[in-house]
Amino acid sequence: MESYDFKEIEKKWIPRYEDFDGYKGVDFENDREKFYMLIEFPYPSGSGLHVGHAFSMTAADVYARFQRMRGKNVMFPMGWDAFGLPTENYAIKSGRNPQEITKEVTDTFRMQMKRLGFSFDWDREIDSTSPEYYKWTQWIFTKLFEKGLAEKKEMSINWCPKDKIGLANEEVIDGKCERCGTEAEKRTISQWVVKITDYADRLINGLYDTEFIEKVKAAQINWIGKKEGVKIDFEIENSIHRIQCFTKFPETIFGVTWIAIAPEHPLVEEIAAVRNTETRNDDEGHSDTVTQEILKYLDETKKKSEFERTSGVSEKTGIFTGVYAINPVNGKRVPIWIGDYVVANFGTGAVMGVAAHDKRDYMFAEKYGLEIVQVEVPENDPKYVIDAYEKVIEDGLMVNSGKFNGMKAREEAFRAVSNWMVGNEWATKKVEYHLRDWIFSRQHYWGEPIPMVYCENCARDEIGGTTQSHSTTVSQNAGWYPVPATDLPVVLPDVEKYLPTDTGESPLANIKEWVETTCPKCGGKARRETDTMPNWAGSDWYFLRYCDPHSIDVLAEQKKMEYWLPVDVYVGGDEHNTLHLLYSRFIYQFLWDLGAVPKNIPEPYKKRISHGVILGPDGNRMSKSKGNVIVPDEFMEKYGADALRTYLMFMGPFDATMAWNERSLIGVKRFIDKLHNYVCTKIGGQTQGSDSREYSGSTRPTVKILVNKLVRMAETDMANFKFNTVIAKLMETLNNLTREETEISREDLGSLIKVLAPFAPFVAEELWEKIGGSFCIHSTPWPVVDEKYLVDEKVKVTVAINGKMRAVIVVAAGIKETELISLAKQEEKIVKYLNGGKILKTIYVKDRMLNFVMKV
RNA sequence: GCCGGGAUGGUGGAAUGGUAUACACGCAGGUCUUAAAAACCUGUGGGAGCGAUCCCUUGAGGGUUCGAGCCCCUCUCCCGGCACCA
C-alpha cells in the first residue's frame, strides 16, 4: 500500500496553524459555552520534550479539539515553569546565565509542540521566570505574610548536602533527596514557612465540590491526614509538670500501662532531674547509674539518622526513666519510658502505651516485659485473651474500663469516653494533621526572590513589646517587612557565580548592592532576603494568569477569571497530587479569602484527570542509564506526527502504565495510510453527492449505519477520555467500509475524517481539503448523528438453555416475545435441547436474548 | 499496616449483568517477486473429533442470579500513594 507523504502534509499545515484564530480562547464570548482545558505546564529541560509530555499533551489536545468541534469556546494555554535546579546546575557547569538557557530550551519546546500539532493558544503563553509574571508570585507571598500565614522560623529542615538546598517533607523520598538521591541531612536554618495547615480542613472539604478522580481525592485526604482524638495530660509523680499525649483511641485509656516520650522531648531533662532527687533520698550510687544509662541512650539515638529511626526497619528501643506518671482516669501509676519510636515533631512528642490494642505497642511491651491490659474483647467471645499483636479487635465490647464496660467499641465507646474525659481539666478534644507547614525558602539563585526586607532597628523595637512563646519553633518575624506592591517585582539580579554557598546562603547574599536596601517601615538601612522561593511557587497560580496573561495592575482581571474559571479539565501526573495540586488549591483558597479571585468559584479545578506512564520498550521506566529513553522527534521523523499522536492514544487506557512498542506504532501508521488511500480512491473519479439521496437502492445504506454508529460511539468515549476505543472503532469501521466496496457520500467521508481529526490533525486537514472542505476542519461542527441509523432493522438474538448459549437467530428488531419463542422452538439446535424437558420459565431481553429455564 | 487501582490469548488491550477475547501487534500459511523486504489475502484462546459439533477458559475459592470478566464474601499476587503518625 502506498504510504502518504506526511512530511509534505506537515510542512503545508504547520504554518497555517500559526496564529490561527480558531485555537484561541475568546474572552467573554456568550454564543459558545466556555471550556478551560488545562495541562500541567512543563519544566523545560535541556533534553527537550519527552515522550511522556507528548503523550499527556496529545490527550489534552485531542480533548480540546474535540470540545471545539462540539461548539465550545476552548481555552487551551501553554507556558513554562522554568525556575528550577537543573537549569541552575547547567548554568553553573556551562558558565552561561539561566535566563539565556531558559530562552533556548523554551524555544525548542515550543517548536516541538508545534510540530506535534498541539493547538495551544500561544497568545496566552506565560513564563514563570519573567519579571512581569513573578511580580505576582511575589505579591502573593507578601499577602501571605500580611495575613500571618508566612513566618520566619529557625527550623530543623531536611537538607540535601549535594544540591545544597533545603527540602520540603514532600521532596524527601525514603530519606533521600527527591532530585539527586543523596541522603538528606537535618539542618537548622532560618526559613520562611507558609502555614498551609491553617487551610487543612478547607482543603479536605473543598474536594467535595470537585469531580476529581477518586485516587486523587484519596491521595490528598490521606496526605492531609486529619485525625480527631483527645489530648490527655498525665501528671508526673513528684513534679509540677505534666506529659501531654494525643490519642486517636481515647476509649483505650484504661489500657494504658506506660507513657513513652521522644528522646528530644522538652521534659526529658525535667524527668531526669526528678529521678535524681528521688534516688538521692535513698540510694545515691544507683541514681548515677540510671542517669548515666539514660544519657547514654539519648546519645545513641542521636547518632541514628532520621531515616533509620523513621523508616520502620530498625527495632524499637527504649529505656525506663525510673519516673512514674499517673493515669488520670484511674489513678494508676504507669512508668515513663523514653522511646525512639516516638516522633518528636508529631502530636505532642509523647504517646500512651496500650499494648493490647496496638501492634507497635505490643511489640514494645513484649520486648521490655511491660504490663498488658486488654480493654476490648470480641462481641461473640467475651473470654478472649489477646496473645499476639496481629489480633487487634475491631468490633468488640469494652472490658476493664470501669463504667464503660460492655460498651461497643469503637464508635460508641469512643464518644462516651472522650466526652467524659474532656469534662475534666486534664483532657481536651484535639485534631491532629499529618500535613506540615510548607517550608518556603530555598538557598538558590534560580528562583523568585522572596520579597522581604529585614530591618534591625525595627526588629529591636518590635521585640521589646512581645512575649516569647514556648513553642519548639520560634517565629522571628520581628523586623521583617514585605516589599511594597509598588516596588514589585524584586528583580533577580545578574550574578557572577550561581554556585550556592556552603554556609546555606543563596548566591544572592554575595551581591552587596542588591542586598542593601532601605527599610519599608523606617526608611533606614536594611537587608533583603536572599533566599528564593521553591519551584512550586510559580505553578501555584499560573492557571489564573492564563485568563489574563498580559495584565499589569492585577494578577488577572476578576471578570476574565469569572468567565474562564474553574478549569474544566486538568490533566496532570499523580506525582503532583500532594505537591503542586494541593499547594495550588491552597493558594487559590487563600486568594479567595483575599477577594483576589471570583467569590462564586471556591475551587479552581473542576475535574482532575491523571495521565498514565509510558515505559521503555523493555517494560522499565525510561532512564538514560538504562538506555531505553524514547525521544518523540525520532518517531515523528520516521512515521509523522499524526501517526505518533494516534499511536500514543491507541496504546491503552489514558491512565494506564504502558510499554512503548514501535511495531504497534507501525500498525497505526498503516491504518492512517489505509484511511488516506480510501478517501483518495473514493473521491478519485466522480464527484460525490452530499447526502444519503446519493446512495442508490437502499433507504438504509450500510455506509450510513456504519458511519453513524461510529460517530455516536466516538463522541461518548471521547468525552470520557477513552481514546483507545475510539481509534479501534475507527479502524473497525474502515475495515468494514473497505469490505463493502460501495459508494460513499462526501458527507459521510467528512464524518469519518472528523472523527480522525482530533487525533491526526494534519492528515485530517489534508483529506478535508481534498473532499472540498474549507479550512479548518477543527472549526467545523462535530457530525450530527442520525438516530434512525442507530436502530437496527434486524437483530441477532441469542437463544440459551439455562443461561448457556445454544443458538443465534436473526429476527426483525422489536419482535414480539411470543413470536420469537415459537421461532426459537423451531430452531434445530434448540429442539434438540427442549426435547423431553419441561420449560419452567422463559426470560426475554428485548432484541438481545431468550433464555429457556429447564428442569435439569 | 492503611488508602487507591489492577489481574482477560504469545503481547498491548475490548466488552450497559445477556454471543468473552473487539481493535492492534506477533505468529503461521498464501499472493506478488529470481529472492528478500514492503504490501495485500486467509487463519490464529485451550482441548476432543475427518467432520458437523461438543467440552473447557477472564488470578484462586465460595455466593447471589435464568444468566457473572462485570455484583457480594474470602484469599493470592501485582502496581501506585501514605506510614514507628500514637
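The values are calculated or read from the model by the stated rules, or taken from the named source; none is laboratory data. Remember, predicted model here, so these are calculated numbers, not experimental data. No Cβ is skipped: glycine too gets one built from the backbone with ideal geometry, and neighbour counts run over all protein chains shown.
Structure notes:
- The range A:616-637 residues that are in a loop (DSSP other than H, G, I, E, B), paired with ones that are hydroxyl-bearing (Ser, Thr, Tyr) (beta carbon under 9 Å, 6 or more apart): A:Gly616/A:Ser623; A:Lys624/A:Ser47; A:Val629/A:Ser47; A:Val629/A:Ser623; A:Val631/A:Ser47
- A:Val567, sole failed condition from (1) within 22 Å of A:Asp198 (Cβ to Cβ); (2) in contact with a Phe, Trp or Tyr (Cβ under 6 Å, 6 or more places away or on another chain): (1)
- Sole residue being closer than 22 Å to A:Lys682 by Cα, in contact (Cβ under 8 Å) with a residue 24 or more places away in the chain and out of contact with any Gly (no Cβ under 9 Å at 6 or more places or on another chain), chosen from A:Glu732, A:Glu793, A:Glu740: A:Glu740
- Only a single criterion out of (1) within 16 Å of RNA strand B (Cβ to nearest atom); (2) part of a loop (DSSP other than H, G, I, E, B) is not satisfied by A:Leu582, namely (2).
- Selection of first residues in the range A:841-856 that are closer than 19 Å to A:Val831 by Cβ and of second residues that are of a type in the set (Phe, Trp, Tyr) and within 9 Å of RNA strand B (Cβ to nearest atom), restricted to Cβ pairs under 7 Å at least 6 apart or on distinct chains, gives the following pairs, ordered by first then second residue: A:Thr842/A:Phe852; A:Leu850/A:Tyr844.
- Residue in the range A:518-534 that is part of a loop (DSSP other than H, G, I, E, B), under 30 Å from A:Arg608 (Cβ atoms) and in contact with a Gly (Cβ under 8 Å, 6 or more places away or on another chain) present: yes
- Here the helices (runs of 4 or more DSSP H) wholly within the range A:42-128 that include at least 3 residues being at pLDDT 95 or above and crowded, with 23+ Cβ neighbours inside 10 Å are A:51-69.
Listed here are the residues, each with its yes/no results for (1) within 15 Å of RNA strand B (Cβ to nearest atom); (2) charged (D, E, K, R).
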position	(1), (2)
A:Pro758	no, no
A:Ala764	no, no
A:Trp768	no, no
A:Ile771	no, no
A:Ile777	no, no
A:Leu790	yes, no
A:Lys838	yes, yes
A:Thr842	yes, no
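- In the range A:639-666, the residues that are farther than 17 Å from A:Met718 by Cβ form Cβ pairs under 7 Å with partners that are among the basic types (Lys, Arg) and near RNA strand B (Cβ under 9 Å from one of its atoms), at six or more places apart or across chains, as follows: A:Tyr639/A:Lys669; A:Ala643/A:Lys669.
- Selection status of A:Lys804, in contact with a strand residue (DSSP E or B) (Cβ under 6 Å, 6 or more places away or on another chain) and either touching a residue at least 12 places away in the same chain (Cβ under 8 Å) or at negative phi (or both): no
- Check on A:Lys162, farther than 27 Å from A:Phe590 by Cβ and surrounded by 17 or more Cβ atoms within 10 Å (Cβ to Cβ): no
- Selection within the range A:329-346 - part of a loop (DSSP other than H, G, I, E, B) and either surrounded by fewer than 19 Cβ atoms within 10 Å (Cβ to Cβ) or within 12 Å of RNA strand B (Cβ to nearest atom) (or both): A:Asn330, A:Gly331, A:Asp340, A:Tyr341, A:Val342, A:Val343, A:Ala344, A:Asn345, A:Phe346
- Subset of the range A:412-450 [in contact (Cβ under 8 Å) with a residue 40 or more places away in the chain and part of a helix (DSSP H, G or I)]: A:Ala413, A:Phe414, A:Ala416, A:Val417, A:Ser418, A:Met421
- Per this entry, A:Asp568 is not counted among residues that are over 22 Å from the mean Cα position of the chain (by Cα) and more than 16 Å from RNA strand B (Cβ to nearest atom).
- Considered as a group, the residues in the range A:792-809 that are within 9 Å of RNA strand B (Cβ to nearest atom) and touching a helix residue (DSSP H, G or I) at 6+ places or on another chain (Cβ under 6 Å) include one that is farthest from A:Gly837 (Cα to Cα), and that residue is A:Ala807.
- Considering A:Val631, A:Val571, the condition of being of a type in the set (Val, Ile, Thr), closer than 30 Å to A:Ala764 by Cα and surrounded by fewer than 17 Cβ atoms within 10 Å (Cβ to Cβ) is satisfied by A:Val631 alone.
- Failed item in (1) within 11 Å of RNA strand B (Cβ to nearest atom); (2) buried (at least 21 other Cβ atoms within 10 Å of the Cβ), with A:Gly667 passing the rest: (2)
- With a requirement of 2 or more residues that are of a type in the set (Val, Ile, Thr), within 30 Å of A:Gly117 (Cα to Cα) and modelled with pLDDT of 90 or more, the helices (runs of 4 or more DSSP H) lying completely within the range A:746-856 that satisfy it span A:746-756.
- If the condition is being buried (at least 18 other Cβ atoms within 10 Å of the Cβ), within 13 Å of RNA strand B (Cβ to nearest atom) and not in a helix (DSSP H, G or I), then the range A:708-745 contributes only A:Phe721.
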